[in-house]
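Structure record follows, encoded as structure tokens.
Laboratory data are not the source of any read-out in this text; all were calculated from the coordinates shown. Worth saying up front: this structure is predicted, and the values here are computed from it rather than measured. No Cβ is skipped: glycine too gets one built from the backbone with ideal geometry, and neighbour counts run over all protein chains shown.
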Amino acid sequence: MSDQVRQVVRQTDSIEVPLSCYHCGDPCGDGAIREDGRSFCCSGCQTVYSLLYEHGLGTYYTLESGPGLKPDQAHRVDRFAYLDRDGVRSRLLDFDDGRTARVTFSVPQVHCSSCIWLLENLYRLHESILSSRVDFQRRRVSLSFDIEKLPLSRLVGLLASLGYEPEISLSDLDRKQPDRSYRPLYARLAVAGFCLGNVMLLSFPRYLGLEGTTETAVSRLFDYLKILLAVPVFFYSAVEFFKPALSALRHRRVNMDVPIALGIVVLFVRSTYDILLLNGAGYIDSLCALVFLLLVGRLYQMKTYFSLAFDRSYRSYLPIAVMKKTVFGEASVPLEEIKAGDIIVLRNREIIPADGILLSGQAEIDYSFVTGESATVRAESGDLVYAGGRQCGSTIEVEVTREPSRSYLLQLWEETEAVVRQKPTLATLANRMSYYFTPAVLALASLTGIYWWFADRSLVWSAATSVLIVACPCALALASPIALGTAQRLMGKARFFVKDSDVVERIASVTALVFDKTGTITQSGAAEPDYVGRPPSNIEQAMIYSVVRQSTHPLSVQLRDLLAGQQALPTIDFSEQPGRGIRAVVGAHSIKVGSADYVNADAAPDAQPNVVYVSIDDAVLGFYRFANRFRPGLKEVATRLVERFRLSLVSGDHEGDRSRVSDVLGPCADLHFNQSPSDKLQFVNQKIQAGERVVMVGDGLNDAGGLNAATVGLTVVEDDSSFSPSSDGVLSARSFRQLPQFIALAHDTVTVIKLSFALSLLYNLVGLWFAVQGLLSPVLAAVLMPASSVTVVLFSTLATGYFAHRRGIL
Amino acid sequence: MDVMLVLIGFSLAVAAGFLGAFIWALKHGQYDDLRTPAIRILFESSADRQKDKKE
């Protein structure tokens, strides 16, 4: 772009928000960089902006304001080199003919229309990118590119430099095809709907009692056409119910699909027999309506949240490759080739893939995936470090002591998997109903048959089959999926996402709740600051502020925010010792901010993480403590829950917070500290074996065992795209205070299902009254069966919606 | 009444045609992504973008 154009841009964009970054929308602070009359918070954002403008991609900024992402510049250029290795590349690419290749990446950063626009216009940024397409729901990008001119590593590097670094983990190597399981159901529904419409049309003469007046040939033709239309419904659409029914029978169980499949078979056989042999009308219209409505119920059950991953395995936490130190220098090596004894090099923000011993460097490890604790752990040379931790700060070297596949993380996971395999599946309400329902219907049909055998033999067949037809629990089968599906959608609107609708029913059966502490009932990031020591004067506060604003350590940032509003003074000689502290000279004073031993303070006996000491001219002033803050509304949540459920807390932290937690959760809560991940698993298991139905609420990988063992495992996430272990539901932190309402709604939903059952049984009884007498006419069946289904569908939807409204969820 | 037969055959054929079209669309992934196209259609056309580039 020429200077002239930049001039124009400068004039037209005179309305400018002064302190927010044009690229990413974050506040710029004092260090704003200016270009073209726009301000940027960092050079990374500015670089992306220049790059996009040079390639005529300025539209990116006009679609949304501040759409960009801060690119991570701390990384080395060659860190994606492993992607070009044959073993890795061929497993990642969807298609490759040596010249053109296609690849699909998961890019969780995609969040707005600007992102879609930019990622779909990448071909203008690099000529070797042929095309790209975004799937916004699943946060995925597929790219076709010329692999000869643009190796995979450079393609990923390009995306990363724009801030859209793809999430490439071990689990991507054996990629599955995109989920297309919805397709057969849609097709079955379409076929059933098509046939239903035409069959009803062809049944009109019969509905209106015109079969006597029209020519017999035409009326016969109509009936034959109906059979023809019933064939695809029976042999294609209804397979959806035959398959589960057969598999249940094979396991000598009865589920809701068994009586339904029975009803469908009887309807089809009886109708074909009636029409072909008896010149009768048949029940083809009832058959089609039944299958169609039941398939609609299946559709309700199918709600999935594409952007959330409920089933993450440990493999998605680990990188594909790591930098290995060899005699020739460093080389990126696939994780699968790492063996005990290898020395690996980890940079800022990289995940430790295997257990090992720290050889050199200042390790500051964030084990939040593993433990849920957000405070970083320091390690010195010779210390053990564990797989799953994330290095924050400078580069470290680690000697691998156990292969990645034998790490502590993996053992934890396998322990969890073993528990899940043993976990009994709970029979759903509908299946428990059909357990009694099916034998009852069969008995009633036989009794009817026996009665008519003695009363009037010509009616045996028709009366017995009529009983089976009318008793087909269509409405019964619809009640559960519709009510649970509605509840699931309403909860999703309130930012509580459950994996499938059955989870709603399981939540309703809960008797006890188990919470994790850090990150679950406390807010990660937000802290309640307090200060111990001699209060600093205004000028001293300004000096501390001037020093900490130069560091990006999380505690420095928190301290900076706490002191925000102070005047920034000029500083000299700033230096930062990673993991220990920072120092600088302000005016004539030397300021040190950091850990107790860094400032030479006597640490308080109950030394806690998240404490920052301050000294001025080597005289210790005191310390700031950033204790984790409980989630807003936690107290109300606990008060409401404790009325109906037993509350427990299992935390990996030390006892230091016991009194604070007890204050908030109330005296009835059962508190356990210093719990290892397998302790948590055991705790939940014991509760379950004692007959409790447990909801475990957690957030980190350390809760994964408990989450899987619990009747329902819920994870609390700060934002929907963040990393969470596998669970049954994801609760957005913003909706945490509504947890009691969600549980109450699950209860209400089960009540609604029970009422619907009663309603549909009422219809069934009316139908049976006619059926046992052999009086069930095709028209009566065609009215009664859809009417009962529609009543139940309407009732379930409206009643669930009403309860959600009354509980204040919407 | 014979005309009825023709009409019914015709109406079934038309309806079956639409059913076939739906299943074709389904098989070709038209329902795989229901959100992105709704956003994508609001972007300016590629002709306009070409102009934008020349400036």
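The table that follows gives values for the structure above.
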{"read-out": "Sequence-distant residues sharing a close amide H with A:Leu671 (under 5 Å, placed H)", "value": "A:Leu649"}
{"read-out": "Proxy reagent accessibility, fewest Cβ within 10 Å first, across B:Ser11, A:Ser788", "value": "B:Ser11, A:Ser788"}
{"read-out": "Isotropically averaged projected area of segment A:31-130, using the convex hull of Cα atoms (one quarter of hull area), nm²", "value": "7.8 nm²"}
{"read-out": "Subset of A:Lys303/A:Lys493; A:Lys517/A:Lys680; A:Lys303/A:Lys517 violating a 21 Å alpha-carbon distance limit", "value": "A:Lys303/A:Lys517"}
{"read-out": "Mean separation of Cα contacts under 8 Å, 6 or more apart, over the residue count of chain A: relative contact order %", "value": "11 percent"}
{"read-out": "Normalised per residue, the volume of the convex hull around the Cα set of segment A:452-556 (Å³)", "value": "178 Å³"}
{"read-out": "Order of B:Met4, A:Met200, A:Met543, A:Met433 - criterion: other Cβ atoms within 10 Å of each residue's Cβ, fewest first", "value": "B:Met4, A:Met200, A:Met433, A:Met543"}
{"read-out": "Residues A:Cys288, A:Cys112, A:Cys28, A:Cys21, sorted so that the one with the fewest Cβ neighbours within 10 Å comes first", "value": "A:Cys112, A:Cys28, A:Cys21, A:Cys288"}
{"read-out": "Normalised contact order of segment A:231-364, rounded percent, pairs of Cα under 8 Å and 6 or more residues apart", "value": "13 percent"}
{"read-out": "Hydrodynamic radius (Kirkwood) for chain A, which is based on Cα pairs only, to one decimal in Å", "value": "31.1 Å"}
{"read-out": "10 Å Cβ shell holding at most 13 others, DSSP loop, GluC sites (Glu not before Pro): longest site-free stretch of chain A", "value": "A:381-642"}
